[in-house]
Amino acid sequence: MTQAQQAATAATSSTAAKTISKEQGTGWIICRVCGYIEDAKYKDQPCPACGFPPTVWMEYKPRCLNPKREKMLNLHLHPICVHFPIVGTTGSFFVPIIALLIPSIAATLFHVITLVTMILPVLVILGGISGYIGSKLRFKTATAKYPKQKIYLTIIYFIISCIQSYMAIAHGVNAENAWIMIILGIIGSIFAAKLGKMGSYLFAGRFSPYTAG
């Protein structure tokens with residue numbers, strides 16, 4: 001039985017956790033299968049994230065946060081900011097491949113990816129800074145094991161993006177250096193994926209601690 005199947009079985013079990021009673025209509029509830037948090041007024045509806053029936057809901061009491069800190073967290077700056085460098089890095093290897101495969105549009109594609117890689121280090125920095133701020137807001141520290149590892153990975157990711165940016169500014173992306181850009185883009189994407197995976201661990205834990213059972 002897989003992890004997801006075990007979670008689903010535990011979630012639908014009457015002994016897995018304390019579920020929401022019909023009388024309870026205020027506060028928050030959490031899905032025991034996927035960890036989705038919802039307003040308790042929706043306790044009679046299936047989980048909108050994983051689709052399991054209302055029996056998966058259980059009571060959830062969020063931590064009491066400073067209003068200013070909570071307001072900053074609710075802006076979701078890091079989840080928004082990290083999408084931009086990921087798109088840029090992915091494009092830095094995907095677009096040149098298309099350009100090499102379709103010569104008729106190569107000039108346009110090379111021009112586009114040249115512009116993107118020129119600003120890629122700025123996007124990586126924005127993602128890194130927003131992640132540092134998010135870590136300080138969420139965990140009150142950025143020096144624990146995982147936050148520190150993310151900082152180190154971000155520095156390497158930033159160096160790779162700087163190399164790509166230098167290539168774009170000095171020579172432009174073209175057929176002669178496309179494969180170098182593609183290789184750097186793939187390496188950068190690996191680091192971006194690793195950062196994203198570690199971010200998911202920080203947000204919900206390696207195996208989702210919200211899952212009962």
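What whole-number distance in Å separates the alpha-carbon centres of segment 165-200 and segment 26-59?
Distance between centres, Cα-based: 40 Å.
How would segment 43-145 be classified by its alpha-carbon gyration tensor: rounded, prolate or oblate, with rounded meaning a/c under 1.5 and the a/b versus b/c comparison settling the rest?
Since a/c reaches 1.5 but b/c is at least a/b, the shape of segment 43-145 is classed as oblate.
Might you work out the accessible area of residue 64 for me, using a 1.4 Å probe with all protein chains in place, and round it to the nearest 10 Å²?
Only protein atoms counted, so the area is about 140 Å².
If I stretch the segment between residue 151 and residue 66 completely, what's the gain in nm (0.36 nm per residue apart, minus their alpha carbon distance), one decimal?
28.0 nm
Assuming a ≥ b ≥ c are the square roots of the Cα gyration tensor eigenvalues, decide whether segment 41-99 counts as rounded (a/c under 1.5), prolate (otherwise, with a/b larger than b/c) or oblate. Present the calculation step by step, with values, prior to reporting the outcome.
Details: a/c = 5.33, a/b = 1.66, b/c = 3.22.
Since a/c reaches 1.5 but b/c is at least a/b, the shape of segment 41-99 is classed as oblate.
I'd like the accessible area for residue 87: 1.4 Å probe, protein heavy atoms, all chains in place, Å² to the nearest 10.
Near enough 100 Å² of accessible area.
Could I have the simple spin-label model distance between residue 141 and residue 59, label points 7 Å from Cα toward Cβ, reported in nm to one decimal?
It works out to 3.0 nm between the two label points.
Give me a comma-separated list of calculated 3J(HN,Hα) values for segment 36-45, in order, Karplus coefficients 6.51, -1.76, 1.60 applied at θ = phi - 60°, integers in Hz, x for any Gly or Pro.
5, 9, 9, 5, 5, 5, 9, 5, 8, 10
Could you tell me the calculated FRET efficiency between residue 49 and residue 111, based on Cβ-Cβ distance and R0 = 35 angstrom, to the nearest 0.05?
Computed FRET efficiency for residue 49 and residue 111 comes out at 0.30.
Relative contact order for segment 85-213: what percent, with Cα pairs under 8 Å and sequence separation of 6 or more?
Worked out over segment 85-213, it gives 35 percent.
Taking a probe of 1.4 angstrom, what is the accessible area of residue 112 in Å², to the nearest 10?
70 Å²
Counting only other residues whose beta carbon sits under 10 Å from that of residue 30, what net charge do I get with K and R as +1, D and E as -1?
0
The values are calculated or read from the model by the stated rules, or taken from the named source; none is laboratory data. Since this is a predicted model, take the numbers as computed values, not measurements. Here the Cβ is made from the backbone with ideal geometry for all residues, glycine too, and neighbour counts use every protein chain on show. For the accessible areas, the whole protein counts, side chains as well, though only heavy atoms, and no ligand, DNA or RNA atoms are used. Shrake-Rupley method; radii C 1.70, N 1.55, O 1.52, S 1.80 Å.
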